[in-house]
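Asker: Handing you a structure now.
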Amino acid sequence: MMSRYKLVIAAIVLALAQIGFLGWMIAGRAAILRDGKEVLLKVEPVDPRDLLRGDYVRLGYDISRIEVEKIANLAQGELATAGPVVVRLKKDADGYWRATSAWLGAAAATPAGADEVDMVGHVTDGWSLPPGSTIGVDYGIERFYVPEGEGLAIEEEMRKRNSGAEPELRSFGIKVAVARDGSGQIKALMDGETMLFEEPLY
């Protein structure tokens, strides 16, 4: 009888710990969305639809490819290994934020200015990088879920805009909140100045 009682107590403690961990994760995400520095990134679709979770648009960004010349602590011809990378962003004249410099590792060599923000990504592979080449960076914001049935239509419209078929229309963008530690959370999917979908805090 006592062992059954202990099992029940252990199960309750485990459940409470899991709920607490999930609550901590949700609260952390909400804090970034609420308090993070907001940047607008120009996007292009990569691949739509997740059959298990509904429609999504898989996104690539201008900052998903970083030119080797912008990596301050990488010598010419040196191997860029998989791991963290800090990418410094600055707002351009068109309103989108773009990469101005980067550092392999978890910290930038100099503090970001008031009009800049450092975003932490992850280099997924290692390459020997000759001049003119780029590295691929994943920021953990490459999927945006939309109401079921709308992912393909959005992706097709993105492709039209990126091909120049509709030059009079502004590109799609993603508003991202960037925390002080460089982690980012998607806030909203934008069609020019129009907000199509916004992520709730909770």
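The values are calculated or read from the model by the stated rules, or taken from the named source; none is laboratory data. Please read all numbers here as calculations on a predicted model, not as lab measurements. We place every Cβ from the backbone using ideal geometry, glycine too, and count neighbours over all the protein chains shown. Heads up: the accessible areas ignore ligands, DNA and RNA and are worked out on the full protein's heavy atoms, side chains in. Shrake-Rupley method; radii C 1.70, N 1.55, O 1.52, S 1.80 Å.
Asker: Which of the residues that make up segment 90-107 are assigned to a loop (DSSP other than H, G, I, E, B) and open to solvent by less than 30 Å² (accessible area, probe 1.4 Å)?
Answerer: Matches in segment 90-107: Gly95, Tyr96, Gly105.
Asker: I'm trying to understand the selection: among the residues of segment 61-73, which are surrounded by fewer than 19 Cβ atoms within 10 Å (Cβ to Cβ) and outside any helix (DSSP H, G or I)? First the steps, then the outcome.
Answerer: Taking segment 61-73 and keeping what is surrounded by fewer than 19 Cβ atoms within 10 Å (Cβ to Cβ), we get 62, 65, 67, 69-70, 72-73.
Hits for segment 61-73 are Arg65, Glu67, Ala72, Asn73.
Residues checked against (1) open to solvent by 20 Å² or more (accessible area, probe 1.4 Å); (2) modelled with pLDDT under 80; (3) under 18 Å from the mean Cα position of the chain (by Cα):
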residue	(1), (2), (3)
His122	yes, no, yes
Trp127	yes, yes, no
Gly132	yes, yes, no
Ile135	no, no, yes
Phe144	no, no, yes
Glu155	no, yes, yes
Met190	no, no, yes
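Yes/no matrix, rows are residues, columns are (1) modelled with pLDDT under 75; (2) under 27 Å from Gly173 (Cβ atoms):
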| position | (1), (2) |
| --- | --- |
| Arg29 | yes, yes |
| Leu33 | no, yes |
| Leu79 | yes, no |
| Val85 | no, yes |
| Ala112 | no, yes |
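Asker: Turning to a different aspect of this structure: Given (1) part of a strand (DSSP E or B); (2) at pLDDT 90 or above, where does Leu196 come up short, assuming only one miss?
Answerer: Checking Leu196 against (1) part of a strand (DSSP E or B); (2) at pLDDT 90 or above, the one that fails is (2).
Each row is one residue, and each column tells you yes or no for (1) within 22 Å of Glu193 (Cα to Cα); (2) modelled with pLDDT of 90 or more; (3) hydrophobic (A, V, I, L, M, F, W, C).
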residue: Arg4; (1), (2), (3): no, no, no
residue: Leu41; (1), (2), (3): yes, yes, yes
residue: Glu44; (1), (2), (3): yes, no, no
residue: Leu51; (1), (2), (3): no, no, yes
residue: Leu59; (1), (2), (3): yes, no, yes
residue: Ser101; (1), (2), (3): no, yes, no
residue: Ala107; (1), (2), (3): no, no, yes
residue: Asp118; (1), (2), (3): no, yes, no
